[in-house]
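Structure first, then comments.
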Amino acid sequence: MEQLSGEHIAALIVTAAAAGLALAPARQPGGTWLVPLSRVLALLILAAYLTEQTANALRGTWTVERSLPLHLTDAVTLIAVAALWSWPVLLVELTYFWGLSASLQAVLTPDLGQAFPSIFYFTYFTTHSGAVVAAILLVFGLGMAPRRGAVARVCVATAAFAVLAGAGDLLTGGNYMFLREKPERASLLDLMGPWPWYIAVAAVLALALYLLLDLPFRRSRRGAAGDPAPSA
């Protein structure tokens, strides 16, 4: 793994601080400011994503091989925006599981290629760290816990998106979701063996992470299922 740069450490500190602040609503339930807070974060993430797309277009570096939203972290960025805006339960679940697996891994081992103070440094960490913060805000801050069967639904969604990304790779010659080869820079995939074995290992690891992320809510769901029905 590459040694952490000062800029990367700064981004991690800001991400951790924002994640801590996202837990504040859990200690102050019922605030009328929750909807504006959630939507401000949604707009911030969306603005960063659109800025990155526009900057690539203006620089002439926007290509179908690299710039379509076919990485899982791109998907969770856009899904997080929708989840923050109106709180649909399925999108909240996808934001939680994908944000605290794919986006968090992207924050810890960024495949960036642009150093501070490049605009892409800011858009990268705003979108990826923003998805992490969104997941924490929605589930732990606002108390929107994943429902029973959430892991199965997210696994199906992940597999479906991988098929879509694979089709995109075939049509464009790109490397979306790193299905054709590992990223150029150091990442967790380096520890998972050569192609195509790292894809299978990553799938197993994703399932393990989803199960781990679901663990805090299993007991409460079992308790709710065992509660006596209210009397008439």
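The values are calculated or read from the model by the stated rules, or taken from the named source; none is laboratory data. If you're wondering where the values come from, they're calculated on a predicted model, not measured in any experiment. No Cβ is skipped: glycine too gets one built from the backbone with ideal geometry, and neighbour counts run over all protein chains shown. Heads up: the accessible areas ignore ligands, DNA and RNA and are worked out on the full protein's heavy atoms, side chains in. Shrake-Rupley method; radii C 1.70, N 1.55, O 1.52, S 1.80 Å.
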Mind checking which of LEU46, LEU21, LEU72 is farthest towards the positive end of the chain's charge dipole, using Cβ charges of +1 (Lys, Arg) and -1 (Asp, Glu) about the Cα centre?
LEU21
With the dipole of the chain defined by +1 on each Lys or Arg Cβ and -1 on each Asp or Glu Cβ, the option from LEU215, VAL133, ALA157 whose Cα lies farthest towards the positive pole is LEU215
Pop a pseudo-label 7 angstrom from the Cα along the beta-carbon direction at both ASN56 and ARG219 and give the gap in nm to one decimal.
4.3
The chain, accessible surface, carbon-and-sulfur percent (1.4 angstrom probe)
69
Peptides 126-138, 98-110: what's the order by average Cβ count within 10 Å, highest mean first?
126-138, 98-110
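For the stretch 100-191, which trypsin sites (Lys or Arg not before Pro) pass both filters: DSSP loop (anything but H, G, I, E, B) and at most 16 other C-beta atoms within 10 Å? Working shown, then result.
Values: sites: ARG147, ARG148, ARG153, ARG180, ARG185; in loops: ARG147, ARG148, ARG180, ARG185.
When the trypsin sites (Lys or Arg not before Pro) of the stretch 100-191 are filtered for loop state and at most 16 Cβ neighbours within 10 Å, ARG147, ARG148, ARG180, ARG185 remain.
Tell me the per residue accessible area of the chain using a 1.4 Å probe; a whole number in Å² is fine.
On the way: 12500 Å² over 232 residues.
So the chain comes to 54 Å² accessible per residue, rounded to a whole number.
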What whole number of Å gives the distance from the Cα centroid of the stretch 68-147 to the Cα centroid of the stretch 153-201?
18
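Place a +1 charge on the Cβ of each Lys and Arg in the stretch 1-137 and a -1 charge on the Cβ of each Asp and Glu, then give the dipole magnitude about the Cα centre in debye, rounded to the nearest 20. Walk me through the intermediate numbers first.
Working: 4 positive and 7 negative charges, 71 e Å.
Here the size comes out at about 340 debye.
Can you list the equivalent-ellipsoid semi-axes of the chain, largest first and in whole Å, using the square root of 5 times each Cα gyration tensor eigenvalue? Intermediate values should be presented prior to the final figure.
Values: eigenvalues 187, 98, 55 Å².
For the chain, the semi-axes come out at 31, 22, 17 Å.
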